[in-house]
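The values are calculated or read from the model by the stated rules, or taken from the named source; none is laboratory data. Keep in mind that this is a model prediction, so the values were computed, not measured. Heads up, the Cβs are rebuilt from the backbone with ideal geometry, glycines too, and the neighbour counts pull from every protein chain shown. Quick note on the areas: whole protein, heavy atoms, side chains included, nothing else; ligands and nucleic acids left out. Shrake-Rupley method; radii C 1.70, N 1.55, O 1.52, S 1.80 Å.
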Amino acid sequence: MKDLAGKHIVLGLSGGIACYKSAELCRLLIKAGATVQVVMTQAAEQFMTPVTMQALSQRPVYGSQWDTRAANNMAHINLTREADAVLIAPASADLIAKLAQGQTDDLLSLMCLARPAERVPLLIAPAMNREMWQHPATRRNVAQVQADGARVLGVGHGDQACGETGDGRMLEPLELQDEVIAFFQPKVLAGQHVLVTAGPTYEAIDPVRGITNLSSGKMGFAIARAAREAGAEVTLVAGPVSLPTPRGVKRIDVKSALDMLAAVTAHAPLASVFVATSAVADWRPANASASKIKKDGNGQPPELQFVENPDILATLAQSERGRSRALFCVGFAAESHDLLANAQSKRLRKGVPLLVGNIGPDTFGQDDNALLLVDESGTRELSRDSKLSLARKLVAEIAYRISTGAKP
Ligand code: CTP
């Protein structure tokens, strides 16, 4: 099922050059399964034509409170009654000021005031010049609309249309799509701090070579995203992967297993959940060479000695907070065969309340997966699905176990 299936979103555009991004945003919301009703201010129509927005949304655009198309002539009432959310993108300084004061001299601000606020949330994506964004009047107005219940989605940083650089750009369409999707996810991990490891580790042999594996990191990144969508504060410790950081997630890049252990140990005291998805290299070269190892000319390969890496998951699971479940530890097991038996024995060996098994070679680098959850009370299969859908289901399983205090 698409992430926004069944959701009806009123997309409001006020005046700003960022209106060009709203065309793409409209497409993305529809692609994610939503229906979109566009409302534009007169200023927005200076930047983007209603024709474009009508063609993309497949619905007539509303721009005036005097529009006679509605039988009761009350577009400002009708438009939000079936809506699941109102998203204003871009929200200009002027529009935010109007919302803060409850002014109603255009359809968009009138409609926001007239919406049933308890069941139709208001999301705001500001867009303006950096001086306007920092001005005390805007700071006051933003604080006021937040106090009145609006969700301000933040702004981007970077080059602005005026040639200046700073805070105030509207978030990118994909970022806004992610924010809207996240907004509708149940907040089952609110108040929790989730620490996740993801991706492979890289164990240096010399400055130009090393040992690593085929883990893509996708499952761990999906779990970090799902935990954040569920309201948790999330720290993601990632081995070398080229994946974008999920929005709102704090990412720490590491290379080796020892680096990963150090990062995890530093953040564990604040965490309440630890999910280890990383494919940590079991061994590392005992003595990495400081300079590139050269061929000796006799056809003899170098003799490499290995030492075992620390088990990061077991270290945390067997710490005081891990044993008392103040830190709820979840392990993953990538197996090539005998998934159930291997997952059960690995759960006991690592000392974790929940272990998630999957068939490694089938899933590395793929966008989907199938999981087998193993805990003290038995097993549960999560059938093949996208890694993000599975991550959301796993987050719900973890939240349930934390809230009921289910023990292994
Ligand atoms: N793990 C870890 N540190 C390690 C090895 C593994 O934190 N040094 C974690 C993984 O992130 C995963 C779980 O332990 O959550 C199981 O990893 P896996 O590689 O399947 O198991 P191993 O312990 O390496 O056992 P084996 O190689 O014998 O299957």
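Go through the residues of the stretch 194-215 one by one and say whether even a single one is assigned to a helix (DSSP H, G or I) and open to solvent by less than 50 Å² (accessible area, probe 1.4 Å).
Within the stretch 194-215, not a single residue is assigned to a helix (DSSP H, G or I) and open to solvent by less than 50 Å² (accessible area, probe 1.4 Å).
Can you spot a residue in the stretch 374-394 that is more than 16 Å from the ligand (Cβ to nearest atom), at positive phi and without any contact (Cβ under 8 Å) to a residue 40 or more places away in the chain?
Yes, the stretch 374-394 contains at least one residue that is more than 16 Å from the ligand (Cβ to nearest atom), at positive phi and without any contact (Cβ under 8 Å) to a residue 40 or more places away in the chain.
For the stretch 300-311, enumerate the residues that are in a loop (DSSP other than H, G, I, E, B), open to solvent by less than 70 Å² (accessible area, probe 1.4 Å) and free of Cβ contacts under 8 Å to residues at least 60 places away in the same chain.
Of everything in the stretch 300-311, those that are in a loop (DSSP other than H, G, I, E, B), open to solvent by less than 70 Å² (accessible area, probe 1.4 Å) and free of Cβ contacts under 8 Å to residues at least 60 places away in the same chain turn out to be P310, D311.
Any residue that is buried (at least 20 other Cβ atoms within 10 Å of the Cβ) and either in contact with a His (Cβ under 9 Å, 6 or more places away or on another chain) or not aliphatic (A, V, I, L, M) (or both) - is there at least one of those in the stretch 315-328?
Checked against the condition, which is being buried (at least 20 other Cβ atoms within 10 Å of the Cβ) and either in contact with a His (Cβ under 9 Å, 6 or more places away or on another chain) or not aliphatic (A, V, I, L, M) (or both), the stretch 315-328 yields at least one hit.
Which ranges mark the helices (runs of 4 or more DSSP H) fully within the stretch 312-408 that have 3 or more residues being within 17 Å of L195 (Cα to Cα)?
The helices (runs of 4 or more DSSP H) meeting that bar are 312-317, 320-323, 387-404.
This table checks each residue for (1) of a type outside the set (A, V, I, L, M); (2) more than 30 Å from R384 (Cβ to Cβ); (3) open to solvent by 70 Å² or more (accessible area, probe 1.4 Å).
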{"residue": "K2", "(1), (2), (3)": "yes, no, yes"}
{"residue": "V10", "(1), (2), (3)": "no, yes, no"}
{"residue": "Y20", "(1), (2), (3)": "yes, yes, yes"}
{"residue": "A70", "(1), (2), (3)": "no, yes, no"}
{"residue": "L87", "(1), (2), (3)": "no, yes, no"}
{"residue": "T104", "(1), (2), (3)": "yes, yes, no"}
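Tell me whether the stretch 314-324 contains one or more residues that are free of Cβ contacts under 8 Å to residues at least 40 places away in the same chain, over 26 Å from L189 (Cα atoms) and away from the ligand (no atom under 13 Å from the Cβ).
no
Which residue, of L108, L56, L79, L28, is modelled with pLDDT of 95 or more and either out of contact with any helix residue (DSSP H, G or I) (no Cβ under 6 Å at 6 or more places or on another chain) or among the hydroxyl-bearing types (S, T, Y) (or both)?
Only one candidate qualifies: L108.
Return yes or no: is T68 among the β-branched types (V, I, T), farther than 18 Å from E175 by Cβ and part of a loop (DSSP other than H, G, I, E, B)?
yes
Taking the criterion of being free of Cβ contacts under 8 Å to residues at least 40 places away in the same chain and of a type in the set (K, R), would at least one residue in the stretch 43-60 satisfy it?
Yes.
Determine, yes or no, whether L339 is more than 30 Å from I205 (Cα to Cα), within 12 Å of the ligand (Cβ to nearest atom), open to solvent by less than 60 Å² (accessible area, probe 1.4 Å) and modelled with pLDDT of 95 or more.
Against the criterion (more than 30 Å from I205 (Cα to Cα), within 12 Å of the ligand (Cβ to nearest atom), open to solvent by less than 60 Å² (accessible area, probe 1.4 Å) and modelled with pLDDT of 95 or more), L339 does not qualify.
Provide a single number: the residues in the stretch 253-269 that are within 15 Å of the ligand (Cβ to nearest atom) and either aliphatic (A, V, I, L, M) or in a loop (DSSP other than H, G, I, E, B) (or both).
Number of matching residues: 11.
For the stretch 344-357, give me each residue that is open to solvent by less than 10 Å² (accessible area, probe 1.4 Å) and either modelled with pLDDT under 95 or within 9 Å of the ligand (Cβ to nearest atom) (or both).
Within the stretch 344-357, V352, L355, V356, G357 qualify.
Hey, does the stretch 275-288 have a residue that's more than 27 Å from G351 (Cα to Cα) and surrounded by 15 or more Cβ atoms within 10 Å (Cβ to Cβ)?
yes
Residues S289, S278, S242, S272: which one is within 15 Å of the ligand (Cβ to nearest atom) and either out of contact with any helix residue (DSSP H, G or I) (no Cβ under 7 Å at 6 or more places or on another chain) or at pLDDT 95 or above (or both)?
Residue meeting the stated conditions: S278.
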